[in-house]
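Take a look at the structure below.
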Amino acid sequence: MPFFSKRSDSMSTDPTIRQFEKRIASETREDQKNLDHTIKDLNAAEKTHHKSIKNADKAQHNLDKAVKQEHKAATGLNKAQHHHEEAIENQRTAEKNVSLKQKHEDKLAQDLQQRRTTVDEFQHRKEQNDQQRELKLSQIHAQAASRAGSLDMGSPVTEPAPVPGPADAEASDKPAPSAATPGSASDNPAPSVAAPSPATASA
């Protein structure tokens, strides 16, 4: 289910907050797309695995049949030596076929398990990302509500602290840049703008 299916009616009218909400919605759709893709691959792998099991069973049946034919031919070796040799060859071919099918089945089983693991990983990753996005939205809406309350009371307005996003988390791991020269863009950073919380918007 889309992450923002219940928030479409409470989207902020503030351009900055709306852009932030759109980016969050885009990330959610991408996670859902990846999850749907891995589930689709898993279903396809399961179908192929089931088919390989049927083929292996069929090959085993052919082997059993070939063995019976060989035994039957052996009892009449003096009368049908040629049939006996042909049955032996069929048995060998069936045994090779069984071996190949079983190896293929084992390979598909490993691939199926890997795909299940991948689906679990994507599901877990999506749940974590959803929680982070919910926290970010709650923080920015709370800041917006606090700022709106300060404006109503005529008190000095304090710019809300920006909410760190995934890109900010990656940037925090990099070395700090050198001091900016006077008059550079870093001397006058643009203030972050927060949107009203869902509670304020509904009021």
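FYI, it's all coordinate maths here, none of it is from the lab. Being a predicted model, the structure only gives us computed values, none of them experimental. Cβ coordinates were reconstructed from backbone atoms using ideal geometry, including for glycine residues, and neighbour counts include every protein chain displayed.
Quick notes
- Relative frequency of Cα-Cα separations exceeding 15 Å in segment 34-130, percent: 69
- Treating r as the C-beta distance of residue 65 and residue 121 and R0 as 35 Å, the FRET efficiency rounds to 0.20.
- Proximal lysines to residue 33, defined as alpha-carbon separation beneath 29 angstrom and excluding residues fewer than eight positions away on the same chain: 6, 22, 47, 51, 107, 126, 136
- FRET efficiency, 1/(1 + (r/R0)^6) with R0 45 Å, evaluated for residue 131 and residue 107 via beta carbons: 0.75
- As an equivalent ellipsoid, segment 99-151 spans semi-axes of 51, 4, 4 angstrom, where each value is the square root of five times an eigenvalue of the C-alpha gyration tensor, largest first.
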